[in-house]
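Some notes on the structure that comes next.
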Amino acid sequence: MREKLYLIIFEAETTAGKIFDIGLIVAIVLSLLITTLESVDAVRTNHQELLFYLELFFTTLFTIEYFVRVYVATYRLNYIKSFFGLVDLLAILPFYISLVLPGAQSLTVVRGLRVLRIFRVFKLSHHSAASHFLRRSIIQSWPKISVFLTAVVTMVFVMGALMYLVEGAEAGFTSIPVSMYWAVVTMTTVGYGDIVPITALGQFLSTLLMICGYAIIAVPTGIVSAEMTKVSISEMGSTRTCPKCFTENHRQEAKHCYDCGEALNR
């Protein structure tokens, strides 16, 4: 029974597994919708009791799912400490904690705990082959992206220091951190306008930074796109999950996990 439940809950190669995943995705989306509606004062005031019971229903559902996952996992502690194990736990904890925090002074804390239910959105990516495809592409392109980010941070620091020297406090560049904030806003072409250069040299540097910004925005997209062409959906394998380290996307014919070597369930 545990093995059958494992195949249904952790994998989606069977009909029951696919139905389970689809049902869980629907439940996650509906629970997120409730969390969103609860943040609207008018909706919360007029339908507070209904929202509470709906949230109680979905939290109970996710609680049962979490403990069933722990039960069927071969290496239970590994699942509990895994990324999605923590996400599954964070998806249910805020509701229970908010029930036991007494006193009106804690209402702000309770509201913050309930907002943490948005962690359920991470559960969605656990059931999408496309998300694994994108994640693998990003992981493979990370060394190049890290070099790119280092160059961007260096440019932000240099431009922030220059603008602090050129413009000074009179133009709002009161410190290097503030100037670095302006550099980030300018480089990303957001342009809030709360801090603007007033000298000719400062405006010239701003122009260069904005032009660089347009070129920089395209770089990460190009890096990830290049890696995505190397990774085809067929290479992602199936939804078979390692019972020890919970690595996914093993090939159908694989007998052992490609990450830790553990024998896979058939």
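Coordinate-derived values only; no laboratory data. Since we're looking at a predicted model, the values are computed, not measured. Counting neighbours? That spans all protein chains shown, and the Cβs are built from the backbone with ideal geometry, glycine included.
Numbers for the structure displayed
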quantity	calculated
Residues of the range 22-49 satisfying the condition of being exposed (fewer than 12 other Cβ atoms within 10 Å of the Cβ) and among the aliphatic types (A, V, I, L, M)	Val26, Leu33, Val40, Ala42
Which listed residue, of Ser206, Ser179, is in contact with a Phe, Trp or Tyr (Cβ under 6 Å, 6 or more places away or on another chain), polar (S, T, N, Q) and either without any contact (Cβ under 8 Å) to a residue 60 or more places away in the chain or closer than 30 Å to Gly17 by Cα (or both)	Ser179
Every pair of residues 6+ apart whose Cβ atoms lie under 7 Å, when the first sits in the range 36-62 and is closer than 21 Å to Val26 by Cβ while the second is basic (Lys, Arg) and surrounded by fewer than 16 Cβ atoms within 10 Å (Cβ to Cβ)	Glu38/Arg44; Leu51/Arg44
Members of the range 18-68 that are within 23 Å of the chain's Cα centre (by Cα) and not in a helix (DSSP H, G or I)	Ser39
